Amino acid sequence: MPISPYTVTALTRRRTLLGLLPALVVVLSGVYSTPVYAQPKTLDTAYGPVTVKADPQRIVTLDEGALDTALSLGLQPVGSVAARGGKDLPTYLQPYAKEVPVVGVTREPNLEAIFSQRPDLILASPGLEKRVYDVLSKMAPTIVPTTPTTAPWQERNAQYVAALGKEQEMAERLVAVRERIEALRERIEPGLTFSVVRWMPQGPMAMSSKLITGQILTDLGMQPTSIAAELGDRPHSDILSLENLGSVDADWLFIATLNEQGDATLATARKQPAFTRLEAVRNGRAVTVDGQIWSSGTGVLAAERILDDIERLLLP
């Protein structure tokens with residue numbers, strides 16, 4: 001039986017498609033099956049460009065803000081520094097940290113302990129000494145932010161976020177914080193003055209209004225004292241004498257201590273006439289807050305805790 005022209009054409013097309021099938025399989029496999037790997041990125045840091053690999057797994061944080069940032073993004077560092085004035089991680093971050101070992105303090109990291117953790121990324125504090133950086137950078141890419149400690153706290157931590165490759169996740173966390181600030185602002189009496197004081201064993205220091213607590217309180221419509229606003233890029237004033245306490249008096253006085261020695265000094269000061277004459281004290285608006293958060297913290301988790309305290313203290 002002769003084969004019709006239509007049958008020949010159909011057979012030819014079928015053979016052509018069968019011949020192309022292996023090539024199509026290869027192409028489609030490349031489109032749908034080949035994983036897309038994130039590329040390394042280069043960041044401008046205080047000590048020049050630093051290239052970090054995508055998705056670092058063994059992160060060491062040598063700054064409280066860096067630790068806060070990593071934990072807020074669901075990451076567990078393999079080492080971090082102790083809280084200022086303490087021997088352990090900041091208390092407010094401990095619930096989020098799962099057995100993160102302490103590898104020194106911010107001003108004096110334990111280089112041997114850091115090396116033993118085999119880091120693939122080190123997030124250091126602003127102002128890290130060059131001699132320490134030179135050693136750390138030989139262990140792993142080391143990020144020293146270019147922003148000062150008094151920069152907006154979101155910007156201060158932005159280079160940490162970029163190094164971790166979590167910009168979108170952090171953007172979502174920051175939106176939530178901003179929305180909460182806007183909601184609280186509507187409930188707080190406008191124009192109230194505030195002062196944040198870190199009470200050390202040697203005495204009190206006025207904290208700059210450019211730190212995270214001052215930034216948040218200002219965003220809520222409150223006004224800092226002159227001494228706090230005029231510190232420039234200094235994070236705090238010199239130690240104040242009891243006679244000079246009037247310079248930190250305000251409608252609300254937030255007193256932060258870092259350890260038991262600071263608590264003891266504050267307890268003694270509370271008995272002094274210079275302290276009891278403060279307007280905030282007379283009005284019952286001199287309150288004690290966690291110094292690890294209010295005078296040292298920076299990050300989303302710190303911001304959320306500060307807002308918790310403000311809501312609890314100012315809006316009972």
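Read the figures in this text as sums done on the coordinates, not as results from a lab. Note that the coordinates shown come from a computational prediction; the quantities given were computed from them, not determined experimentally. Positions of Cβ are backbone-derived with ideal geometry, glycine not excepted, and every protein chain shown enters the neighbour counts.
Largest GNM mean-square fluctuation across Glu186, Glu155, Glu230, computed for the chain with C-alpha springs under 10 Å, falls on Glu186. Here is the list for the range 139-233: trypsin sites (Lys or Arg not before Pro) lying in DSSP coil, each with at most 13 other C-beta atoms within 10 angstrom of its C-beta, are Arg187.
Over the chain, dividing the summed -39,500 (n - 2.57) contributions of all DSSP H runs of at least 4 residues by the number of residues returns a 222 nm mean residue ellipticity of -12000 deg cm²/dmol. The mean of 1/r over all distinct Cα pairs in the chain, once inverted, gives the Kirkwood hydrodynamic radius of 22.3 Å.
When only the Cβ of Lys, Arg, Asp and Glu is charged (+1, +1, -1, -1), the dipole of the range 188-314 relative to its Cα centre reaches about 300 debye. Applying the criteria of a DSSP loop state and at most 14 other Cβ atoms within 10 Å to the chymotrypsin sites (Phe, Trp or Tyr not before Pro) of the range 224-316 yields no site. Taking a ≥ b ≥ c as the square roots of the eigenvalues of the Cα gyration tensor of the range 222-316, is the shape rounded (a/c under 1.5), prolate (a/b larger than b/c) or oblate? Judged from the Cα gyration tensor, the range 222-316 comes out rounded (a/c under 1.5).
For Glu230, no residue has an amide H sitting under 5 Å from its own, ignoring neighbours fewer than 5 places away on the same chain, with H placed 1.01 Å from N. When only Cα pairs below 8 angstrom with a gap of at least 6 residues are kept, the range 38-131 shows a relative contact order of 31 percent.
The distance separating the Cα centre of the range 162-236 from that of the range 61-131 comes to 23 Å.
With contacts taken as Cα pairs under 8 Å at a separation of at least 6 residues, the chain carries a relative contact order of 16 percent. Beta bridges from DSSP with both residues in the chain: antiparallel share about 35 percent, rounded to the nearest 5.
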